[in-house]
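One structure is given here, and the rest of the page talks about it.
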Amino acid sequence: MLAKAFCQEYPINQEDIEAGKPGLLIGRYPGDSYAGGNPWQLLTAVYAEVFYLGGQATYKEVAKRGDFSLRYSEYKEWIDLLRLEEGATAGDLARAQVAAGDAVMTSLWSRVQDADGRMDEQIDKHTGAQASAQGLTWSYANILHALHVRKNLSPDPNTTPRPTDGPGPTDGPTDQTTDGPQPTATTEEPVKSCCNAVKFVSTGAIGDKFSQFVGKYNEDSIDATGKRVFKKIDDEIYLHYAKDVHFKFEAWLFSAEVGDTVADVVNENVNNCADEPGQSWTYLEGDDWIEDTTAQVLCDGSNVECCSTLSVKSSGAVAEQYPEYLGVYASTKLTRGGQPVYTHVNGGLYLYFLEDVPHHYKGWTIAESLTELGGVSLSMETDCPHDIEDGVWEYVDAAGNWNEDPSFTVKC
């Protein structure tokens, strides 16, 4: 509401929107007449900090739970404000929140960069020049505090989600370069060469003292930094990347929680992939870290590339009872259990791998959410859901019983 009001009230905001420049300057309240009723530097900095704090909170949730799909009912305000696309994850939200804050700070910087570091009280809404009280301490304090919050956010190499058409809270990103703070950089997401299935081996001390970590792991999710999170098969142990900014520590490690930043077994030779060469695994014994040169993470089998588009067909019972399940599904950047998540091109349905530990279920299903077993399923653990020759999909009939539909197929 405030963003829209100040867009309309301040000519310099309208000019920036027309020029495709990022960010938005805000004032005390719409209709303010004090000293001309202009944008305030200190309030604009607070506006940016709100986005940074939102990103900070979201990153913490991702660290605890791994990347997860956003429920519209729970994140409606953020999804609508930042115009996130359907199927967006918490990682997408965090990146968009930080990018929105960056855009606001970039706009502010563009108005004060020629003043040799001086920050006044206001910015003239017509000319963009600084105005009113000169060198206002409050302005310095708020700007520095916003930058401090931004500095402590984890660097993120993933692509900032592209907003849909129409002005957003900061009027979108821009390609214009300035010397001030810039929107979050964009690169390609997780490196293709990283394996999505690995195994941890050790014939030395780690294997003897921490045998619970030895074994096979499947990709469980992608963390906020774009690195893969692995979960041990049939156990609640995670192999993941951790970074503790305060202690200047980062490593791959094993722990019971994805958000843990301390562990007894770590590899501080950090690379993009857990299985890259040059690993140096150490374990804590008393007050000393001791290296086990036999310990390493290895790629476990081929890194299967699943089809990006699937055709789901049936000429039998599924076609009669679940006709909406049939059609074309497209891959997303989401994963579940290390396998890709697909969405129906008409929306409303997911084809994905469900691992429901309490109900002892693992397999593929089509459902309306990523937390339920839908009306059709394939109780097999495979890399991809398509072109499976030795399995038959089942469906739930009107009586609630599972039956096979041999005609049901999922193909590229």
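Every number here is computed from the coordinates shown, using simple stated rules; none is lab data. A quick note: this is a predicted structure, and the numbers were derived from the prediction, not measured. Note that each Cβ is placed from the backbone with ideal geometry, even for glycine, and that neighbours are counted across all protein chains shown.
Points worth noting:
- Pairwise label distance in nanometres, Thr127 with Glu236, each label 7 Å out on the Cα-Cβ vector: 6.5 nm
- Note on the chain: with a GNM built from Cα contacts shorter than 10 Å, the maximum mean-square fluctuation among Asp356, Asp80, Asp288 falls on Asp288.
- For the chain, calculated [θ]222 nm from helices alone, where every DSSP H run of n ≥ 4 adds -39500 (n - 2.57): -7500 deg cm²/dmol
- Longest exposed-site-free window of the chain, the sites being trypsin sites (Lys or Arg not before Pro) in a DSSP loop that have at most 15 other C-beta atoms within 10 Å: 249-412
- Counting other Cβ atoms within 10 Å as a rough exposure proxy, the listed residues His344, His246, His126 run His246, His126, His344 from fewest neighbours to most.
- For the options Gln41, Gln134, Gln339, a Gaussian network treatment of the chain with springs between C-alpha atoms closer than 10 Å singles out Gln134 as fluctuating the most.
- Euclidean distance between Cα centres, the stretch 216-260 to the stretch 87-153, Å: 34 Å
- Per residue, the convex hull volume that the Cα atoms of the chain enclose (Å³): 169 Å³
- Nitroxide proxy distance, nm - points 7 Å out along Cα→Cβ at Thr294 and Trp138: 6.7 nm
- Among residues other than Leu42 with Cβ under 11 Å from its Cβ, the summed charge is -2 (Lys and Arg +1, Asp and Glu -1).
- Measuring between alpha carbons in the structure, the pairs from Lys209/Lys333; Lys60/Lys333; Lys227/Lys313; Lys76/Lys232; Lys151/Lys362; Lys64/Lys199 lying more than 32 angstrom apart are Lys209/Lys333; Lys227/Lys313; Lys76/Lys232; Lys151/Lys362.
- Mean-position separation - Cα centroids, the stretch 8-29 and the stretch 320-396, in angstrom: 45 Å
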